[in-house]
Amino acid sequence: MKFLPTSTTWGSLLELLYPRQCVECGAEAGAEFRYLCWDCASHIHVLQAPMCSLCGEPVEGRVDDAFVCHLCLDVGRHFDCARSAARFDGGLRTAVLAFKYNSGTWLAGDLAGLMNSCFDTHFDASAVDLVVPVPLHPTRQRERGYNQAQLLARDIARRLGKRCLSDALARTRQTETQTHLTASARASNVRNAFAAVRPARYQGKRLLLIDDVMTTGATVSEASRALKEAGAASVIVLTVARG
Ligand SMILES: [Zn+2]
Ligand SMILES: [Zn+2]
C-alpha cells in the first residue's frame, strides 16, 4: 500500500509534467493561479460595473440606473443575461489562446476559477439546473481533440454541484471564423448553426451556457435561441473573456 501515490505525489507529478510557470512571461506561477504569475495575474482586467444589465459589457462613466446597451437593443438577445470574467487581453488572452488552439487543456482549472468568481458576483447557483457548453462542429472537435467550452463547463458544473449536459446542442454547420466580421455579419454567420439534441432532458430547466470568449455575443445568443426554442426555461451565459 505504501507505493500508492498520495495526492501530494500526484501534485508533484503534475508539476513535473506541467511546470508551474506563467503562461505569459515564464516566471514562477503565483498562489492564485497555477499557470499565471502574480504580476501577470494582477494585470487581468476583471470586468466591473457599470455594465449593460443584459450582455454585461462595461460602460465608461457613471450610470445610476440599470440600462441595456445599444448593441443589445439593435441586434436583440436570446439569452436572459450574459457575464464574462475579464477582458480578452494580456496574460488572459495568452492563456485562452493556448487553452483553445495549443492543446493547453491544463489551463482549464485557472480559467474556470476566474469564471467561478464571476458567477458568484452576478448569479445564484440555486437559479441554475444544468450547465451546457457551446458545442464545436464535429470536424473541428476532431481536429482539436477536445471542445474547450466543454472542459470549462465540466469544471464549473463540478464547482456548482450541478450536472453538465455536454450534448444538449449540436453544431449543424461549420461557421467561418468571425474575427473580422461586424456584429450583424456575425449574427447571420451563426444563424441556425445549432440544433437541440434530445431536448426532453432540459425542457423547463434553467440553463447556464458556457463558452470561452464572447465578442458581440452572436454565437451564445444563437445557441440560447436553439435551447429556448427546444423548451429551456431560461439561459444565462458565462464566458471567461470578453473580446
Ligand atoms: Zn507572468
Ligand atoms: Zn448589452
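The values are calculated or read from the model by the stated rules, or taken from the named source; none is laboratory data. Keep in mind the model is a prediction, meaning the values are calculated, not measured. A quick note on method: Cβ atoms are made from the backbone with ideal geometry, for glycine too, and the neighbour counts reach across all protein chains shown. In case anyone asks, the SASA skips ligands and DNA or RNA and just uses the protein heavy atoms, side chains included. Shrake-Rupley method; radii C 1.70, N 1.55, O 1.52, S 1.80 Å.
Some values worked out for this structure:
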quantity: Test: residue in segment 119-141 that is under 23 Å from Ala49 (Cβ atoms), surrounded by fewer than 16 Cβ atoms within 10 Å (Cβ to Cβ) and within 16 Å of ligand 1 (Cβ to nearest atom); calculated: no
quantity: Residue check for Gly231: surrounded by fewer than 16 Cβ atoms within 10 Å (Cβ to Cβ) and small (Gly, Ala, Ser); calculated: yes
quantity: Count of residues meeting criterion [more than 24 Å from Ala112 (Cα to Cα), charged (D, E, K, R) and open to solvent by 60 Å² or more (accessible area, probe 1.4 Å)] in segment 202-228; calculated: 1
quantity: Options Arg140, Arg77: the member that is more than 15 Å from the chain's Cα centre (by Cα), more than 16 Å from ligand 2 (Cβ to nearest atom) and among the basic types (Lys, Arg); calculated: Arg140
quantity: Residues being over 17 Å from Ala241 (Cα atoms) and in contact with a Leu (Cβ under 6 Å, 6 or more places away or on another chain) - total across segment 109-131; calculated: 4
quantity: Meets criteria (more than 16 Å from Ile44 (Cα to Cα), surrounded by 19 or more Cβ atoms within 10 Å (Cβ to Cβ) and more than 13 Å from the chain's Cα centre (by Cα)) for Phe99; calculated: no
quantity: Strands (runs of 3 or more DSSP E) within segment 143-243 that include 1 or more residues under 15 Å from the mean Cα position of the chain (by Cα) and more than 26 Å from Ala98 (Cβ to Cβ); calculated: 206-214, 234-242
quantity: Residue match in segment 97-108 (condition: modelled with pLDDT of 95 or more and under 19 Å from Ala187 (Cα atoms)); calculated: no
quantity: Pairs with Cβ under 9 Å, 6+ apart, first in segment 36-60 and polar (S, T, N, Q), second within 16 Å of ligand 1 (Cβ to nearest atom) and open to solvent by less than 30 Å² (accessible area, probe 1.4 Å); calculated: Ser42/Gly30
quantity: Test for Glu32: is it surrounded by 11 or more Cβ atoms within 10 Å (Cβ to Cβ), acidic (Asp, Glu), over 28 Å from Thr219 (Cα atoms) and away from ligand 1 (no atom under 16 Å from the Cβ); calculated: no
